[in-house]
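Report on the following structure.
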Amino acid sequence: MTRKVILASLGTILVFAVMLMAATGDRPEATRINDAGMVQAPSSKAACSMTKTNGIYTSYFSGFEPGMGNYTYFNPEVECAVVPAYPFEITAFSFTLTDFGGCTWPALVDIVVYDVAASGDSCDGPGAELCRHSVVADQASFMEPTVGTFDFPPGGCCVDGPFFIGLEYTGGAGGSNPSICFDDNAAPDTCDNWFLYQGTYYEWYDIWTQPGPGYPLFWVDGETNSANCDQLFCDWQPGDPYKHHFPQMPDEEGWAVNATQPMILAEDFMCMDSGYIKDFHFWGAWKGGLEGVISSFVLSIHEDIPAEQNPNGYSKPGTTLWELEVDQFDFTPIDPPTMEGWYDPSTGEIIPDDHYAYWQYNICLQEADWFWQDSGTIYWVNISAIVDDPTSTTWGWKSTQDHWNDDAVWAEWGDLSWVDIWEPTDPIMNNFWIAFDPSGAIIPAQTGGVGYYPPGDVNGWWLYAQPDWEFWNIWFYDHPFTYDRQKEAHIEFDIFELEPGLPSWITLVVNYSTDLWSLEGQPPGDSVPPLPGMPPELELLYIGRDTLYDGPVNQIPPHFIADWEMKDYNPEWVSIDVFGYNFIIPEPTGMIFHDCIGSLDLSLVVTGGEEQILGACCYDDGSGIGLTCLETTQDSCETYYGGIYEGDGTLCQGMEACCLLDGSCVMADAFCCVNELGGTPQGPGTSCTAVEACCMADGSCQNLDPLCCVDQGGVRQGVGTSCTGTVACCFPDGSCLNLDPLCCDDQGGTLSPTGAPACLGDINPPNGIDDACEAPEIQGACCLDDGSCQLLTQTACEAIVGATYNGNYTKCAGDHDGNGIDDACEDGWQPGDDHKMHFPQLPNEAGWDVNATYMPLGDDFMCMETGWIKDIHFWGSWKHGITCEITGFMLAIYSDAPAGTIFPYSAPEIPLWETYVEQFAIRPIDPLTPEGWYDPASGEVIPEDHMQYYQYDVYLSEDMWFHQDSGIVYWLVIWPIISGSGTGECEWGWKSSLEHWNDDAVWSEHPWPVPLGGPWYEMYEPPVFVESMDLSFVITGTCCEIRGDVNHDGGIDVADLTYLVAYLFTGGPPPPCKAEGDVNGDGGIDVADLTYLVAYLFTGGPPPPPC
């Protein structure tokens, strides 16, 4: 018996793929492990233990993504020195993974076993998939130097030849999946290792950037000649059990009917015993005896559409109930004593005596693929063969002599217009001719036929005369009467008027002997047709008549053609029956082709074995993560898996995160999570992840999986958060609780304004407020009449003669322009002042303040003049008007990612400059209209939320300046650092602008620093979110680097003098930087600057003042 395996057409594909990869340079690269070491090989659990690795883990690959895998070739007969070794049962597979930094555990992988390609050469790579088992590889059990082991269920993976085995990643992402470990073998054997990379298998030396890694750290245990593998090979012989009406055995003198893709054939059967269909057995052959290779069969099971529900009058397949493409099957050649025919119903091709050999095909389904059928129900099974070379080889499903119910049917992929199939035959052809004169008398000399029932009244034609009519009839024999076949006839002849111009008429009828004639009326002895002479009432019972034409001869086609069929049975006798006058059907033009067509069914046996009652089995797969589930028998569950059987008919629901009563998270089947662990399933596709801080309803803080935090009724605090010690948390009623800082706001409190580590009690003085919750006096910038600035309380400031209090939480800014006045005590930037961007984006006093408390905001601008950015001015305000102290601002300038490069809209790309500023001027502004509040992260929109807003003037020290280039688009990103931020007491927003330029402003869900690629989200004006939203800011500075460098070439020389003369007197261009052209620094460019420059260059005059 030959075992069928898939032929992977890898040769050309691999050569092309490797050439393409070489051309593009898209090769993976292994990375050396700094602290490489040796693992302890797993202890052998079977008679045969195989590995190719030396156990020294030295490198990894950081880019494993779902769908990628590594596989190693093993040959038990060589590795275990046992011949024969097959069938070989794989009982365990061991491996280890490495965490190269920040990897996500557990790793989701499948252990996959592949047959070798059909050529049998390992250099053709993996072929058909044989086995697959999912593993949730946790860090404790599978991270190097620990080697984890997965135990296969008994008989769960059997092979009958060399194989590839390895890991395929099924979850996670590149850059965070723990990696397969590779050893330090510098020269693994060619073709031993293969990489499934971006959907294609690559040989080890073709895929890796050299030097490539060594062997993957894989170990395989197994048993040679295992009795558990008997179920892998299946067969059926007459006398074996079956699960349908009866076996339909192959007709060795029948037909192989084309079932090669795109052809699909279907056969109906009735289930006689409720239970699972586990096996299919059928027979087939190759057209012309040219044997090809079947890579797979596509099988499906369908509901039955009865004949009475089909307008075409035959039953056919209906709704698909089950479908499977099968590439593992057994087939056995059979050499019959006679030749067999080939039939293609789609083309009508019929080739008798086409071939000798045919094959029995046995498909034994894996348990997961069994189909449940119900007794007394009619089903259809569809089969289509996919062959490797459909242009040269064609496979057909073999017909049967065992007919049941309706005919087989055929259709094509993509067009399931089912057509019933009848067995092809060679039709019988008989000639006839006849003539009548204008009076209606038959003309014997021009009347006759070939192959008729003799003798007839005139040359084979019999006269049937009744009182009101008479017909001439010529009978032809076909085949014995049977209800199992039908009759088809094709009739054609030439006809014309015997005497043109005279009246003419013809009545043309097909007669046939009825089933009553064959069953009751026919006299004993040789078969005879129902001849004239019987009473009219019997003639009506024994002769069937179908009229083909009744009318004038000059209106019938001169070459008449008609087709006729009798579907109910095959009559033994058919005839041409005519009546009329003045016409002739000349010899030998009259022809009748009549065919006895038999029903065609296909050879098929459906089996299932004894019915096994299955249920869900919860068991520990050894990963240490949770409980896995499979549907099996109670005995298998308890004996082989050591699991807990959940009851007959129970079903597994799939692996997902399971939150236990103690708040911990494990991976488990949802059914097992509830029934055995007492946990709560978190839904399909969920996975346990890293723990984070979770604030419980009682105010306590626990580090839990975020899914389990919500399950326990807690509030997630975000990725990377962790519970810390308690601090004083203050409540509006003056009370205080010691809570984790993260949980204070969730309880409705705020952190102690003094930062107290614990509640103090209401002691000094007793006033109903815990001392830890009493706020210190608020200070602000106090501008003195000498130009200096001090941080004082409002009361203290107003007590100083001539002093001005700028407001609570305002700050002294320092004297950046060196004029002796603190910048906080000057007017700051005003509309009309100079700027260094496309135009100032002034605040919209009736607009929105966009929450920037917890997330950075950004807006784009274009530099209009190359030079240094020295000052940044922007506007903002506070939610509900509740102010707090801003201790500083994080400021950054990013390059621009134009729309369509990263996001559909433009956004910040790469940070070019960033700084933290603690000194800045704050100037309160009282508008005439209220302003709104908008939080893009939560969607919160509060119209008319507050009145006052503030101008923030940031004057950068020279070491903080940023050099920008004219015509370049940049992004300004701002994030405030608020004293006590995170308590929810104060939230600050960047104010929207009336002016819109280029693309919308953006926000990021990440706190500072924002990772490359953000993501950034664009913003629109609430509440309808249609109009573009920009933010208010002004970029200022100077292009001046060397005053007197008129032509801006980096130095002061005669060329600058020439440039200035041309500008002042001959219409030359203005200086690129006006400040550099203002040589004497008086604020303009005129002859005085020319005089100053001449004196400096030629007569020892002073140098130009600094910029």
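The values are calculated or read from the model by the stated rules, or taken from the named source; none is laboratory data. The structure presented is a predicted model; accordingly, all values stated were derived computationally and were not measured. Using ideal geometry, Cβ is built from the backbone for each residue, glycine included, and neighbour counts are taken over all protein chains shown.
Out of (1) farther than 30 Å from Pro427 by Cα; (2) surrounded by 20 or more Cβ atoms within 10 Å (Cβ to Cβ), the odd one out for Trp372 is which?
Failed condition: (2).
When Thr425 is evaluated against the numbered criteria (1) buried (at least 18 other Cβ atoms within 10 Å of the Cβ); (2) touching a residue at least 24 places away in the same chain (Cβ under 8 Å); (3) outside any strand (DSSP E or B), which criterion, by number, is the only one it fails?
(1)
Here are some conditions: (1) in contact (Cβ under 8 Å) with a residue 40 or more places away in the chain; (2) not polar (S, T, N, Q); (3) not in a loop (DSSP other than H, G, I, E, B). Ala445 meets all but one. Which one does it not meet?
The failed condition is (1).
Contact list please: Cβ distance under 7 Å, first residue in the range 100-121 and under 30 Å from Asp705 (Cα atoms), second residue of a type in the set (Asp, Glu) and assigned to a loop (DSSP other than H, G, I, E, B), pairs at least six apart or on different chains.
Trp105/Asp138; Pro106/Asp138
Does Val1010 qualify as being under 60 Å from the mean Cα position of the chain (by Cα), exposed (fewer than 14 other Cβ atoms within 10 Å of the Cβ), of a type in the set (A, V, I, L, M) and over 15 Å from Val1094 (Cα atoms)?
Answer is no for this residue.
Among (1) at pLDDT 90 or above; (2) small (Gly, Ala, Ser); (3) part of a strand (DSSP E or B), there is one condition Ser62 misses while meeting the rest; what is its number?
Checking Ser62 against (1) at pLDDT 90 or above; (2) small (Gly, Ala, Ser); (3) part of a strand (DSSP E or B), the one that fails is (3).
Considering the range 552-578 alone, what residues qualify as being over 60 Å from the mean Cα position of the chain (by Cα) and over 17 Å from Ile434 (Cβ atoms)?
Pro552, Asn554, Gln555, Pro557, Glu572, Trp573
For the range 547-564, which positions are over 20 Å from Pro588 (Cβ atoms) and in a helix (DSSP H, G or I)?
Asn554, Gln555
Filter the range 638-663 for residues that are loosely packed, with under 15 Cβ neighbours inside 10 Å and touching a residue at least 12 places away in the same chain (Cβ under 8 Å); which is nearest to the chain's Cα centre (by Cα)?
Per the criteria, the residue is Gly654.
Conditions first: (1) surrounded by fewer than 22 Cβ atoms within 10 Å (Cβ to Cβ); (2) in contact with a helix residue (DSSP H, G or I) (Cβ under 9 Å, 6 or more places away or on another chain); (3) at pLDDT 90 or above. Tyr205 passes all but one, so which condition is the exception?
Checking Tyr205 against (1) surrounded by fewer than 22 Cβ atoms within 10 Å (Cβ to Cβ); (2) in contact with a helix residue (DSSP H, G or I) (Cβ under 9 Å, 6 or more places away or on another chain); (3) at pLDDT 90 or above, the one that fails is (2).
Answer yes or no as to whether Trp433 is touching a residue at least 12 places away in the same chain (Cβ under 8 Å), within 30 Å of Ile613 (Cα to Cα), buried (at least 17 other Cβ atoms within 10 Å of the Cβ) and not β-branched (Val, Ile, Thr).
For Trp433, the condition - touching a residue at least 12 places away in the same chain (Cβ under 8 Å), within 30 Å of Ile613 (Cα to Cα), buried (at least 17 other Cβ atoms within 10 Å of the Cβ) and not β-branched (Val, Ile, Thr) - is not met.
Of everything in the range 782-797, what is part of a loop (DSSP other than H, G, I, E, B) and closer than 19 Å to Ile922 by Cα? Give them in sequence order.
Leu784, Asp785, Gly787, Ser788
One line per residue, one yes/no per condition, for (1) closer than 28 Å to Cys596 by Cα; (2) not in a strand (DSSP E or B):
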{"residue": "Ala385", "(1), (2)": "no, no"}
{"residue": "Gly396", "(1), (2)": "yes, no"}
{"residue": "Trp404", "(1), (2)": "yes, yes"}
{"residue": "Asp407", "(1), (2)": "yes, yes"}
{"residue": "Trp410", "(1), (2)": "yes, no"}
{"residue": "Val419", "(1), (2)": "yes, no"}
{"residue": "Tyr453", "(1), (2)": "yes, yes"}
{"residue": "Gly456", "(1), (2)": "yes, yes"}
{"residue": "His479", "(1), (2)": "yes, yes"}
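List, please: which pairs have Cβ atoms under 6 Å, are six or more places apart or on different chains, and start with a residue in the range 519-542 that is within 16 Å of Ile576 (Cα to Cα) and in the same structural domain as Tyr452 (by TED's automatic domain parsing) and end with one that is part of a loop (DSSP other than H, G, I, E, B) and of a type outside the set (Lys, Arg)?
Pro529/Tyr453; Tyr542/Thr514; Tyr542/Pro530
Just one of Ala307, Ala266 is within 35 Å of the chain's Cα centre (by Cα) and either of a type outside the set (Phe, Trp, Tyr) or within 25 Å of Gly127 (Cβ to Cβ) (or both); which is it?
Answer to the selection: Ala266.
Can you tell me which residue in the range 1013-1055 is surrounded by the most Cβ atoms within 10 Å (Cβ to Cβ), limited to those that are of a type in the set (A, V, I, L, M, F, W, C) and not in a loop (DSSP other than H, G, I, E, B)?
Leu1031
Against the definition (of a type in the set (Ser, Thr, Tyr) and at pLDDT below 90), how does Thr686 come out, yes or no?
yes
Where in the range 690-781 are the strands (runs of 3 or more DSSP E), entirely inside, with at least 3 residues that are at pLDDT 90 or above, farther than 26 Å from Glu987 by Cβ and not assigned by TED's automatic domain parsing to the domain that holds Thr104?
701-704
Residue by residue, here is whether (1) of a type in the set (Gly, Ala, Ser); (2) closer than 27 Å to Tyr242 by Cα; (3) part of a strand (DSSP E or B) holds:
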position	(1), (2), (3)
Leu324	no, yes, yes
Thr338	no, no, no
Trp342	no, no, yes
Ile350	no, no, yes
Asp353	no, no, yes
Ile363	no, yes, yes
Ala368	yes, yes, no
Trp372	no, yes, yes
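Check whether at least one residue in the range 1080-1096 is within 25 Å of Ser966 (Cα to Cα), in contact (Cβ under 8 Å) with a residue 12 or more places away in the chain, outside the structural domain of Met864 (by TED's automatic domain parsing) and not aliphatic (A, V, I, L, M), and report yes or no.
Yes - at least one qualifying residue is present in the range 1080-1096.
Could you list, in sequence order, the residues of the range 455-494 that are of a type outside the set (Asp, Glu), at pLDDT 90 or above and farther than 29 Å from Lys567 by Cα?
If the condition is that a residue be of a type outside the set (Asp, Glu), at pLDDT 90 or above and farther than 29 Å from Lys567 by Cα, then Pro455, Val458, Asn459 are the ones that fit.
So Ser979 fits all but one of (1) modelled with pLDDT under 95; (2) crowded, with 21+ Cβ neighbours inside 10 Å; (3) touching a Ser or Thr at 6+ places or on another chain (Cβ under 7 Å); (4) small (Gly, Ala, Ser); what number is the exception?
Here Ser979 clears every test but (2).
Output the number of residues of the range 503-541 satisfying the condition of being of a type in the set (Gly, Ala, Ser) and out of contact with any Asp or Glu (no Cβ under 8 Å at 6 or more places or on another chain).
The number of residues fulfilling the criteria is 3.
Across the range 101-141, which residue is surrounded by the most Cβ atoms within 10 Å (Cβ to Cβ) among those that are part of a strand (DSSP E or B) and among the hydroxyl-bearing types (Ser, Thr, Tyr)?
Here the residue is Tyr114.
Answer yes or no: is there a residue in the range 225-241 that is part of a strand (DSSP E or B) and either in contact (Cβ under 8 Å) with a residue 24 or more places away in the chain or crowded, with 19+ Cβ neighbours inside 10 Å (or both).
no
Kindly check whether there is at least one residue in the range 583-600 that is touching a Phe, Trp or Tyr at 6+ places or on another chain (Cβ under 9 Å), in a helix (DSSP H, G or I), at negative phi and not assigned by TED's automatic domain parsing to the domain that holds Gln446.
The answer is no; no qualifying residue exists.
Would you mind stating whether Asp859 is buried (at least 23 other Cβ atoms within 10 Å of the Cβ) and either farther than 22 Å from Glu1018 by Cβ or out of contact with any Phe, Trp or Tyr (no Cβ under 6 Å at 6 or more places or on another chain) (or both)?
Judged against the criteria, Asp859 is a match.
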